[in-house]
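A.B. asks: Dropping a structure here in structure tokens format, bear with me for questions.
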Amino acid sequence: MTGTGGGDKGAGTGTIAEAVRTVARRIGSLEPRAAIVLGSGLGFLADEVRDAVRIPYAEIPGFPAPGVAGHKGELVAGTLDGVPVLVQSGRFHLYEGHGADVAGLPVRVFASLGVRTLIVTNAAGGVRLTFRPGTLMLIADHINFMFRNPLTGPALEGEERFPDMSEPYDARLRALAREVAREAKIPLEEGVYVGLLGPSYETPAEVRMLQRLGADAVGMSTVPEVIVARARGMRCLGFSTITNLAAGISPTALSHQEVLEVGRQVGQALGTIVKGVLRRL
Ligand code: HPA
């Protein structure tokens, strides 16, 4: 299958295998316990990785160059608080023109390398009325409103044709995250993330619709990655940093700058939760 738009080479079986070979060669004997996808504000975690092997996307077949300000483009392998991990610093958004298969390519690579646990983080707008900028939300479930799916096309080897999605975010990992947050005295909400294509933010009418549909937070990522992970039998844990109130709830216009700033402010707290979960995996 080829990616749509964006000049991607597509992320079919051959490309995945080449990417896996490249990353495997670079990380050597490291056996990552988890892969962590860093959203806005968590970039510092990539710098905390010890004995880090940094693999720029330009060196990985099928990985496009990163496009958004504040988003990096490298895989970082090493240990975080003593736990072997693979960190994805910079993700591929559909709004950049990438196909959903490209957005899901890194996760296919992680799965092929034997990683069983995926931790995804993102910045999101608060749809639930009690949320405030800086609220941390554990993702309980998601709604795919991107109208794209990374699994369309021929079923790839090792993937379900019709993967079950009844527990996209692992219940035991969520319980662990709540426990870590409670012990660290970090308030952690839980709710439903809705993924939209973007890149324009939502209108107030769209946000009211999303509220009625059962969404608590809205963003433009994460859904393709989690779909691929479930098709590969990986267990997922997801967190949203509520960087702003969604349109119509917010008294002010939305800005990417605000998203980045709030993301950074609460990044430390989310980093504490992620590391606490890693230590107990
Ligand atoms: N909408 C969509 N995506 C977002 C938002 C938002 O309000 N904030 C951060 N990412």
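The values are calculated or read from the model by the stated rules, or taken from the named source; none is laboratory data. The shown structure was predicted, so the numbers you read here are calculated from the model rather than taken from an experiment. No Cβ is skipped: glycine too gets one built from the backbone with ideal geometry, and neighbour counts run over all protein chains shown. The protein model used for the area step is the full one, side chains on, heavy atoms only, and it has no ligands, DNA or RNA in it. Shrake-Rupley method; radii C 1.70, N 1.55, O 1.52, S 1.80 Å.
A.B. asks: Scan segment 139-153 and report the pairs whose first residue is under 12 Å from Gly104 (Cβ atoms) and buried (at least 18 other Cβ atoms within 10 Å of the Cβ) and whose second residue is polar (S, T, N, Q) and modelled with pLDDT under 95, with Cβ atoms within less than 9 Å and a gap of 6+ or a chain change.
C.D. replies: Arg148/Thr4
A.B. asks: Quick one: in segment 211-246, which of the residues that are over 16 Å from the mean Cα position of the chain (by Cα) and hydrophobic (A, V, I, L, M, F, W, C) is surrounded by the fewest Cβ atoms within 10 Å (Cβ to Cβ)?
C.D. replies: Going through the qualifying residues, I end up with Leu213.
A.B. asks: How about segment 111-120: which of its residues are out of contact with any Asp or Glu (no Cβ under 8 Å at 6 or more places or on another chain) and either within 12 Å of the ligand (Cβ to nearest atom) or not in a strand (DSSP E or B) (or both)?
C.D. replies: Listed by number, the residues that qualify are Ala111, Ser112, Leu113, Val115, Arg116.
A.B. asks: Next up: Please enumerate the residues belonging to segment 80-103 that are β-branched (Val, Ile, Thr) and open to solvent by less than 10 Å² (accessible area, probe 1.4 Å).
C.D. replies: Those that are β-branched (Val, Ile, Thr) and open to solvent by less than 10 Å² (accessible area, probe 1.4 Å): Val85, Val87, Val102.
A.B. asks: Suppose the filter is of a type in the set (D, E, K, R), in contact with a helix residue (DSSP H, G or I) (Cβ under 8 Å, 6 or more places away or on another chain) and surrounded by fewer than 24 Cβ atoms within 10 Å (Cβ to Cβ); does Arg208 pass it?
C.D. replies: When the stated conditions are applied, Arg208 does not pass them.
A.B. asks: Of all the strands (runs of 3 or more DSSP E) wholly in segment 25-105, which have at least 3 residues that are charged (D, E, K, R)?
C.D. replies: 50-56
A.B. asks: Continuing with the same structure: Could you list all residues from segment 104-125 that are open to solvent by 10 Å² or more (accessible area, probe 1.4 Å), more than 14 Å from Leu75 (Cα to Cα) and more than 13 Å from the chain's Cα centre (by Cα)?
C.D. replies: The answer is Ala111, Ser112, Gly114, Arg116.
A.B. asks: Do we find that Leu213 is within 14 Å of the ligand (Cβ to nearest atom) and among the hydrophobic types (A, V, I, L, M, F, W, C) in this structure?
C.D. replies: Criteria not met by Leu213.
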